[in-house]
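First up is the structure itself, then whatever we jot down about it.
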Amino acid sequence: MDVVALKKDIIAYSKEIGIDKIGFASADVFTELKERLIIQEKLNFASGFEKGTAEERTEPERLLSGAKSIISIALAYPSKIMDPPKSIKGARRGIFCRASWGIDYHHVLRDRLEKLAQYMQTNIPQFSYKSMVDTGELSDRAVAERAGIGFSGKNTTIITKEFGSFVYLGEMITNIPFIPDSPVEDSCGDCRICLDACPTGALVQGGQLNAKKCLAFQTQTKDFLPDEFRTKIGTRLYGCDTCQAVCPRNKGIDFHLHEEFEAEPEVAKPLLRPMLKISNREFREKFGHISGFWRGKNPLQRNAMIALAHFKDETAVNDLIDVMNNDVRPIIRGTAAWALGKIGTTEALIAIEEAIHKETDDRVREEMKKGLHFQEI
């Protein structure tokens with residue numbers, strides 16, 4: 001097998017099917033990553049969303065017998081919405097992070113990887129592979145870094161020369177011994193803009209993230225949002241882009257290369273008030289195709305109420321009162337009460353005082369007390 005010629009053919013084909021960058025890495029153990037993962041676990045910095053053990057996440061041979069190489073791919077996504085709707089008084093809007101614009105990137109990258117695998121199967125006898133995107137055991141970033149897609153920035157994203165950090169990553173473990181590409185030199189230097197800009201201090205130091213403090217994680221939790229994050233979340237409904245938005249390497253970067261990733265303005269920046277009472281069917285019809293859908297309706301509704309409180313949107317008071325009095329979910333009732341207190345109109349406060357005497361859930365009552373307490377400060 002002429003692996004040099006094969007590699008050239010695969011690179012050429014990858015461009016035909018819409019892969020923006022492709023790199024090749026060895027399937028050796030990710031020794032340094034394994035050490036970092038162990039430290040992250042000891043510090044309780046992991047999010048809990050990660051799949052697999054430290055060994056499975058760093059030893060490709062455990063995932064594919066006979067693993068020799070890993071192919072890493074990257075697809076660029078936009079950093080700006082075309083004709084974004086305005087958030088105005090009486091019609092306030094929330095925002096989904098850029099990685100949740102357009103069709104769920106997991107599906108798009110899996111499609112590209114499957115096309116790549118089919119091409120290789122027709123050309124290589126006894127070819128075997130295993131592909132994954134984000135939710136697999138391997139670290140997409142560690143593979144991309146080893147494969148020369150880009151360098152790992154202090155904000156823990158892969159930063160490419162062409163597209164900045166606005167790229168989705170995926171990889172394919174194979175039994176083909178491709179010649180690996182060379183890693184890209186780290187170019188962050190002394191810059192620490194992302195560390196200083198992080199709203200919660202989740203970037204502990206360059207390249208180290210306390211995932212549990214990251215707003216991207218917190219927007220996806222299903223319990224009451226901890227008090228310390230409620231003033232930080234702002235209008236975020238899902239995810240956080242701050243550490244990418246401030247990165248000098250992303251200045252002026254905005255690629256619209258894939259129709260699948262184009263933001264639908266009313267989905268990427270939805271009106272907040274309609275989200276409070278959206279039915280399961282309506283929620284699926286509007287948001288079911290985006291990556292931000294995976295955690296379900298509850299976190300997004302909770303975040304929408306916190307965003308309305310951020311705006312002190314008095315036009316939402318009646319809707320919030322209805323939710324506080326009638327929703328069957330304690331977290332939603334309690335967050336509505338907290339938001340009403342934050343908005344602080346007379347009508348809102350009276351409604352909380354009336355509801356607190358009927359409420360039987362202690363956690364909801366506590367949120368109601370917090371709402372009333374805002375006016376005492």
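Every number in this text was worked out from the coordinates using simple rules, so none of it is lab data. Model, not experiment: these values are computed from the prediction. In this analysis, Cβ positions are derived from the backbone assuming ideal geometry, glycine residues included, and neighbour counts consider all displayed protein chains.
Some points to look at:
- For the peptides 362-374, 298-310, residues were scored by their other Cβ atoms within 10 Å and the scores averaged per peptide; the highest-first order is 298-310, 362-374.
- Other-chain or far-sequence residues with amide H under 5 Å of Ser26's (modelled H): Ile70
- Approximate shape of the chain as ellipsoid semi-axes (Cα gyration tensor, √5λ), whole Å, largest first: 43, 21, 19
- If the segment from Thr31 to Ile81 were pulled out straight at 0.36 nm per residue, it would be longer than the present Cα-Cα gap by 14.0 nm.
- Candidates per trypsin sites (Lys or Arg not before Pro) in segment 237-290, loop by DSSP, up to 14 other Cβ within 10 Å: Lys251, Lys277
- Karplus 3J(HN,Hα) series, Hz, for segment 169-174 with 6.51 cos²θ - 1.76 cosθ + 1.60 (x for Gly, Pro): 10, x, 8, 9, 7, 10
- Given +1 at the Cβ of Lys and Arg, -1 at the Cβ of Asp and Glu and no other charges, the dipole of segment 80-176 around its Cα centre is 600 debye to the nearest 20.
- ³J(HN,Hα) computed for each position of segment 241-256 - Karplus, 6.51 cos²θ - 1.76 cosθ + 1.60, integer Hz, glycine/proline x: 10, 4, 5, 7, 4, 8, 5, x, 5, 9, 4, x, 7, 6, 9, 10
- Amide H to amide H distances under 5 Å link Lys21 with Ala74, where only residues 5 or more positions off or on other chains count and H is placed in the peptide plane.
- Altogether, the Stokes-Einstein calculation at 4 °C and 1.567 mPa s, with the Kirkwood radius of segment 172-290 over Cα pairs as Rh, returns a diffusion coefficient of 72 µm²/s.
- Straightening the chain between Thr345 and Asn44 buys 104.3 nm, computed as 0.36 nm per residue apart minus the Cα-Cα spacing.
- Top positive-direction residue, dipole computed over the chain with Cβ charges, set Val317, Ser182, Leu276: Val317
- Counting only residues at least eight positions apart within a chain, or on another chain, the lysines with an alpha carbon under 29 Å from that of Lys15 are Lys7, Lys68, Lys80, Lys115, Lys130, Lys161, Lys251.
- Only the Cβ atoms of Lys and Arg (+1) and of Asp and Glu (-1) were treated as charged; on that basis the dipole of segment 116-237 about its Cα centre amounts to roughly 340 debye.
- Listed residue (Gly90, Ser72, Val143) projecting farthest to the positive dipole end of segment 68-165, Cβ model: Gly90
- A simple charge model with +1 on the Cβ of Lys and Arg, -1 on the Cβ of Asp and Glu and nothing else charged puts the dipole of segment 1-93 at about 820 debye relative to its Cα centre.
- Förster radius 22 Å - calculated FRET efficiency between Phe127 and Glu61, Cβ distance, rounded to 0.05: 0.85
- For Lys232, the aspartates and glutamates whose Cα comes closer than 20 Å to its Cα, not counting residues fewer than 8 places off in the same chain, are Asp196, Asp223, Asp241, Asp313, Glu367.
- Distance between modelled label sites at Asp227 and His256, nm, 7 Å Cα→Cβ extension: 4.5 nm
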